[in-house]
1. Only Cα pairs within less than 10 Å get springs; with that Gaussian network setup on the chain, which residue of 23, 316, 91 has the largest fluctuation?
2. What angle, in degrees between 0 and 90 and rounded to the nearest 10, separates the Cα long axis of helix 98-107 from the longest principal axis of the Cα atoms of the chain?
3. Once you put a point 7 Å from the Cα of residue 60 and another 7 Å from the Cα of residue 374, both along the Cβ direction, what distance in nm separates them?
4. If you take the square roots of the eigenvalues of the alpha-carbon gyration tensor of segment 30-88 and sort them as a ≥ b ≥ c, do you get rounded (a/c under 1.5), prolate (a/b over b/c) or oblate?
5. For the pair residue 281 and residue 155, how long in nm is the line joining their label points, each one 7 Å along Cα→Cβ?
6. If R₀ is 60 angstrom, what is the calculated FRET efficiency for the pair residue 420 and residue 175, using the beta carbon separation as r and rounding to 0.05?
7. According to the square roots a ≥ b ≥ c of the eigenvalues of the Cα gyration tensor, what is the shape class of segment 2-199, taking rounded for a/c under 1.5, prolate for a/b larger than b/c otherwise, and oblate for the remainder?
8. Looking at segment 217-288, what % of the alpha carbon pairs are farther apart than 19 Å?
Ligand code: UDX
């Protein structure tokens, strides 16, 4: 099939390359000429495992092309995916729908043939209804310009896999014709066994926001347990393992630590709660405010812990921060807990040095005043406290014995509950983790600063 993918950010670039991989002829569309130039030359402007290879292969074969022209897009295909962002609005919790609206406004006037526009963005429930009406009103083909909603569930770091082999496909459709076209687009995925759920527009929109709300709640649940563990001397990692064996609960997404960040979960739960308020059912999602609050309190806990370890103030203390991305296998620093903590400690006078395997350029651009190192070992040189805040595999395989000789004080805070505490303790380190009892050498001294 021929199809276009409008918006070539993280979601759109991945979707476009994966649609080409499924055998379609794809035209990617974006208003940003720099992004289009990079993609045309086969270069992904962000880090996502496996995507670079896919993009290079399909741009070289000519099956995947890019343009900034909506006119060209409308002439190229009758199926158009809209993959633009819905960030948090300035000054409110609601989603900013400027880009979603702009796609319909720019594309519709060129649709002279029967067409299907498929929204993939995470939107407040009710948006698809409104966009469908606007599409039919602006398109020369009128009611033959149809809308469908097909939410995306991809995780950063696994985006290619999640697009080619998703857990499920959700088709929000209003006609058998729209469903048939979607089934044709995803035929190779469906043949592979992925279940398809068809739904009306509001249900399709809600599936996405409900899934993200559930995941965020699960993380904040275990982080709330971590707070209780800290008050009682219990160990949240043992607790999580034990409750995770109950199949009704499940072990995944129960890792206590500095919490969720990134471009999706934080803004999506806020927008969901804001939308519920507008719909007069704010009480139903009031708990999401608490989910958000628990999440942000975990960042406070790390800065407090550093203060406790350093005799009341981090001023002058040398702190190594391992991790800048909001999660491993990504260079995305949007709402990153790691960087938020690094910046706060820097503002409190600490001498902070950050290292991340992939997110250094993004971090440096956004926070030029922080110190940066070229390796974990360099960041840790003479450090009084080491903070492990993004669980890259590289950090799990560090050698604590060798590093004990590099730091000023062998003292680490595992903010992701991902390091092997026994190894670090055996190598002479004081080991602190969120929601777990500290393992401290007797007679350990305070910070130098
Ligand atoms: C998320 C959803 O998983 C995805 O389905 C949706 O489409 C977009 O939002 P993503 O933002 O890539 O994907 O990150 P995810 O893997 O869900 O992790 C979110 C955050 O939670 C990360 O900061 C991660 O470090 C944190 N996390 C995850 C925890 O703190 N504990 C856990 O147990 C799991």
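Bear in mind these aren't lab numbers, they're just calculated from the coordinates by the rules spelled out. Keep in mind it's a predicted model, so treat the numbers as computed, not measured. Here the Cβ is made from the backbone with ideal geometry for all residues, glycine too, and neighbour counts use every protein chain on show.
1. 91
2. Long axis of 98-107 versus the principal axis of the chain: about 30 degrees.
3. 3.1 nm
4. Note, shape of segment 30-88 comes out oblate.
5. If labels sit at residue 281 and residue 155, their model points lie 2.8 nm apart.
6. Between residue 420 and residue 175 the formula returns 0.65.
7. Note, shape of segment 2-199 comes out rounded.
8. The share of Cα pairs beyond 19 Å in segment 217-288 comes to 47 percent.
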